[in-house]
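The values are calculated or read from the model by the stated rules, or taken from the named source; none is laboratory data. Because the structure is predicted, anything quoted here is derived from the model rather than measured. Neighbour counts run over all protein chains shown; Cβ positions are idealised from the backbone, glycine included. With ligands, DNA and RNA removed, areas are computed over all heavy atoms of the protein, side chains included. Shrake-Rupley method; radii C 1.70, N 1.55, O 1.52, S 1.80 Å.
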Amino acid sequence: MSTEQISGIEKKGASAATYVDERVHSNSWFSRNLNKVFPDHWSFMLGEIALYSFVVVLLSGVYLTLFYKPSVVEVIYDGPYIPLKGVTISEAYDSALAISFEVRGGLLMRQIHHWSALFFVVAIAVHMFRVFFTGAFRKPRELNWVVGMTLALMALAAGFTGYSLPDDLLSGTGLRIIEGIILAIPVIGTWASFLVFGGEFPGVDIISRLYGIHILLVPGIIVGLITVHLMMVWTQKHTQFPGPGRTDKNVVGYPLMPVYMAKAGGFFFLIFGLITIIAGIVQINPIWIFGPYTPDQVSAGTQPDWYIGWLDGALRLMPNIEWIIFDYTISLNVLIPTVVLPGLIVTAAIIYPWLEAWATGDKREHHVLDRPRNAPTRTALGVMAIVFYVILWVGGGNDIIAVGFDLSINFMIWFLRFALIILPALAFIITKRICLSLQRRDRDKLLHGRETGRILRLPTGEFIEVHAPVNEEERAVLESKPDDKPLPEPPESDSAGVRNPKYKSGRRAAGLSRFLYRDTIEKPTEAEIHHGDEAIEAEDDFEAPLLEREESMHVAHDGSVLAKPAVDAPETTSDNGDGGSEQS
Amino acid sequence: MSDEITGTEPGQEVAPSDGDTKALRPGEWPPADVEHHLRRTDTDPKAQARAVRQVATMFMLSAVMVVLFIVAFIAIPRDAVVSIPFIGPISALNSAMGLTFGLAIFLIGAGAVHWAKKLMSNVEVVQERHPMKSTEDETELAADIYEVGKEQSTWAKFPIIRRTMLAAMALVPIPFIVSLRDLWIQPADVGTPSAELRRTIWEPGMRLVTDITYQPIKADEIPTGGLVNAVPENLREVEEDDHNLNARAKAAVIVVRMLPEEIQSQQSPEGTDWGYEGILCFSKICTHVGCPISLYQQRTHLLLCPCHQSTFDLSDSAEVVFGPAYRRMPQLPIEVDDEGYLVAVSDFPEPVGPSFWEISRP
Ligand code: HEM
Ligand code: FES
């Protein structure tokens, strides 16, 4: 303890801490963790946004459970919303309407719940791409990548089950499509559907079943996974971007107490407040407009939440193929877009860290992040996935677009089918090119320094541009580029002529490795950089006498050069106080 | 992890980048080797005092917002509406509560972040990392402990215990899975799921009635080019008995009328008519994944599903002309009864709704 005055409250706090410590050994943990260092970067807040919106989802969700009734018992609507007066509706829909119109604060909480759910899913998605593009999933964080992927899937499950609870026309239509998908599952489809819905669609059980899943099972799994996720972040310590003094063996940033507590704690309130303000003024999911669910009505032009929309788009773009084999039906038109495609994408995403490790043969720990440009193939793959997703999502709204732009739906579908194949490939090629040209620029900067824009005429009559050395910080960033080289082809047999048993898998790894690392701009060697530095110094030597002369000059607006008065005279000739050399 | 207890050895001398050496206190990490930027609040006491005022003001305003929230809660009627520029008319109570509560929360965050940025230390510090891998000694000790435990457990010694236990563990989840069977309690008069899916409540002689008012439909009430949404006459009673919407989800139909010469084909056997003087009746439930369809273009006789735009030509046996659906929309054979009302001749000859595994079984 220092000499600072200790207040009464602090004394009480200290004795409470002792009380707890004598029982659970907590001070030892604090001594190791209270000043844990966290690096600072805006993109590290994405995961925080996800976490905080989840807390908001939990709080608002618990409030909603106090009023919501997960029952499809029929009631006659008799609330303040006039257009539905006298209509027979389910108790679930009735209670959601009461939350919206009768409970003061109910609509606000419903809208906070829905908005925070959207924030949650968006933040998870963007966070995942941050991790992907910077290579934060590399050793030792592969397992946390898997936990994160599972969290993302659980978030979708939470969103979908919640969307179905109000039992309005939209939520029922979503469930109907799910039923169609379950029916399409080979062999067990009809039984699975009857078990899920308690008989035929829609039945009377699905709302109460989804309710339990929505408020208990899925949030429980999410809480568990978030705990594991954060514990791993804690033990492994956060990754950091390259910079001066940052290595794989340290972490540079601010200590948890006090800076990070204030920043991260404050950030929770910022997110919560922002969501609440949005929920106060921007309407979302106005269930009263859609009306109650009935299986023979649908409204055109309505859209699912964005994270489901891409599957709807995939359903639309898929050609109508159905196989009938020995009288059994396999609906590829449904299975491929909604089961096979998402399955493949998720599997590919989950195993990506191991694929990359296999192709690099790299067993080191990585704590300094890659700049996306320095992993061009990985970055290109990520952009390709985003473009693929966006096209499917656009496909999910193709009717709205077709009406908006007066195009035929037929044209839209064919256009999007081709786009789905061509644009991601194009995105891959373009992204990779951009990465490589950025690498080239980095190399030039390291070799020749920063271009200053100042042109010199040498005594020989030659013109040169003066370069300035890049500053320490930038140099550290530029020099962080890893030398990833493709793995060599494995030998077919050893020197004694014995066949190499790992030849085949080795060749495959080498092939993948070539795909990932073939294209790169070599980082300059130490010697080259040194040589470049000397060149910059030489330019400096040329320029120094000129600069010295300039120092004593005053450059007027019209470009005429005046001798600078010894004492700072009133500004008569120039308003450019220091006679800037940049004007010469 | 024990080496993380303090930043460095207490009293260790370090040289921060600004040149002067000072001793680190226990619990302090050494500053990072980067330039430390002094803020206005570090150098100018006035700026510092201003920042302190700003932070305190934000916390105070947050409390004011809580008071305003309570005022709004009590004073604003539930049905009052305000119009917000660019957003439109919305509930006044909701927006007032959202704004006051939201600002009350937001201002706490803004105050804390401002405090951290302007007044708390902004010196970046360095903490060491240690490899995730445990030390050789730790790993060896863990292996030793495992060996001792294994021996003491007699796990390796009595394979019969090992095998029977593994078998028992593998089987013990089965009761739980079996218990899920009654997620669907199969009524005595009900067949397999696929048999149920093939059947609707349409019967020979059942009248078609309009879907909202339940009026029987006379053939001559339907104009050429018209479309009527219909359900079976007994649907209301069935729904009252069953307390569910299952019957509706399969039995809903659309009735359209075209000129008889416009009809190219029907799903009835060659040369027979499942319609009546150009009136044809089809299932309303899309064969793709089950959305109800009612977008009908009378000129082309095309029926378009709003969900994924499958398009069916009603003048040509409702065959798929476009989109992801594979099967045509099943046709309901109809005729008129003695009083001139439309009635079903039978149930649908083909299953309605989405395809399933057993759908093409005879
Ligand atoms: C885990 C993440 C969660 C997500 C993504 C999520 C998402 C949603 C969504 C999109 C809705 C529809 C809201 C509407 O517009 O009416 C909803 C409804 C609902 N959620 Fe959640 N939710 C989550 C967790 C929870 C939790 C933890 C609870 C309660 C403990 C909860 C309780 C409810 C209730 C009662 C409703 C129905 C209320 C109504 O429709 O008016 N949710 N949820
Ligand atoms: S449900 Fe009709 S096209 Fe998909």
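Here are the numbers:
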{"read-out": "Normalised contact order of the range B:40-118, rounded percent, pairs of Cα under 8 Å and 6 or more residues apart", "value": "39 percent"}
{"read-out": "Restricting the range A:303-392 to trypsin sites (Lys or Arg not before Pro) in coil, as DSSP defines it, with at most 10 other Cβ within 10 Å", "value": "A:Lys363"}
{"read-out": "Folded to 0 to 90 degrees: helix B:92-118 orientation relative to chain B principal axis, Cα", "value": "30 degrees"}
{"read-out": "Spin-label proximity, B:Ile87 to the range A:271-290 - amide N less than 16 Å from point 7 Å beyond Cα toward beta carbon", "value": "A:272-286"}
{"read-out": "Whole-angstrom Cα spans of the range A:161-267 along principal axes, big to small", "value": "64, 32, 22"}
{"read-out": "Total charge dipole magnitude, the range A:390-533, about the Cα centre, Cβ charges on Lys, Arg, Asp, Glu only, Debye to nearest 20", "value": "640 debye"}
{"read-out": "The range B:151-293 shape via C-alpha gyration tensor axes, a/c threshold 1.5", "value": "prolate"}
{"read-out": "Principal-axis tilt of helix A:218-236 within chain A, Cα atoms, nearest 10 degrees", "value": "20 degrees"}
{"read-out": "Residues of the range B:162-209 buried by at least 40 Å² on assembly (accessible area, 1.4 Å probe, chain alone as reference)", "value": "B:Leu183, B:Trp184, B:Pro193, B:Leu197"}
{"read-out": "Using a Förster distance of 22 Å, the FRET efficiency for A:Arg518-A:Trp358 (Cβ separation, nearest 0.05)", "value": "0.85"}
{"read-out": "Carbon plus sulfur fraction of accessible area for the protein assembly as shown, probe 1.4 Å, in percent", "value": "64 percent"}
{"read-out": "In Hz, Karplus ³J(HN,Hα) per residue of the range B:191-197 (6.51, -1.76, 1.60; θ = phi - 60°; x = Gly, Pro)", "value": "x, 5, x, 5, 5, 4, 5"}
{"read-out": "Chain pair B, A: total accessible area buried, heavy atoms, 1.4 Å probe, Å²", "value": "8500 Å²"}
{"read-out": "Which of A:Phe197, B:Phe158, A:Asn285, positive extreme of dipole for the protein assembly as shown (C-beta unit charges)", "value": "B:Phe158"}
{"read-out": "Members of the range B:23-48 that become less accessible by 30 Å² or more once partner protein chains are added (1.4 angstrom probe, chain alone as reference)", "value": "B:Trp29, B:Val34"}
{"read-out": "Average accessible area per residue (Å²) across the protein assembly as shown - probe 1.4 Å, nucleic acids and ligands excluded", "value": "52 Å²"}
{"read-out": "Helix A:526-551 axis, angle to chain A major axis (alpha carbon atoms, nearest 10°)", "value": "60 degrees"}
{"read-out": "Positive-end residue of A:Val498, A:Phe38, A:Ser100, charge dipole of the protein assembly as shown with Cβ unit charges", "value": "A:Val498"}
{"read-out": "Global form of the range A:36-291, assessed from the alpha-carbon gyration tensor, a/c cut-off 1.5", "value": "oblate"}
{"read-out": "Charge dipole (the protein assembly as shown, unit charges on Cβ, about Cα centre) - positive-most of B:Ala170, B:Ile90, A:Leu512", "value": "B:Ala170"}
{"read-out": "Only Lys, Arg (+1) and Asp, Glu (-1) charged, at Cβ; the protein assembly as shown dipole about Cα centre in debye", "value": "1480 debye"}
{"read-out": "Principal axes of the range A:443-549: Cα extent on each, largest first, Å", "value": "75, 27, 18"}
{"read-out": "Anchor A:Lys249: lysines whose Cα lies under 22 Å away (excluding residues fewer than 8 positions away in-chain)", "value": "A:Lys36, A:Lys139, A:Lys237, A:Lys363, A:Lys481, B:Lys133"}
{"read-out": "Environment charge at A:Tyr503 (Cβ cut-off 12 Å; Lys +1, Arg +1, Asp -1, Glu -1)", "value": "+2"}
{"read-out": "For A:Lys36, distant residues with modelled amide H under 5 Å away", "value": "A:Leu256, A:Met257"}
{"read-out": "Dipole magnitude of chain B, debye to nearest 20 (Cβ charges: Lys/Arg +1, Asp/Glu -1, about Cα centre)", "value": "1260 debye"}
{"read-out": "q = 0.05 Å⁻¹, the protein assembly as shown: log10 I(q)/I(0) [Debye, one scatterer per Cα]", "value": "-0.45"}
{"read-out": "Residues losing 50 Å² or more accessible surface upon assembly, the range A:197-214, compared with the chain by itself, 1.4 Å", "value": "A:Glu200"}
{"read-out": "Residue with peak Gaussian network fluctuation, chain B [Cα springs, cutoff 10 Å], from B:Pro89, B:Pro31, B:Pro223", "value": "B:Pro89"}
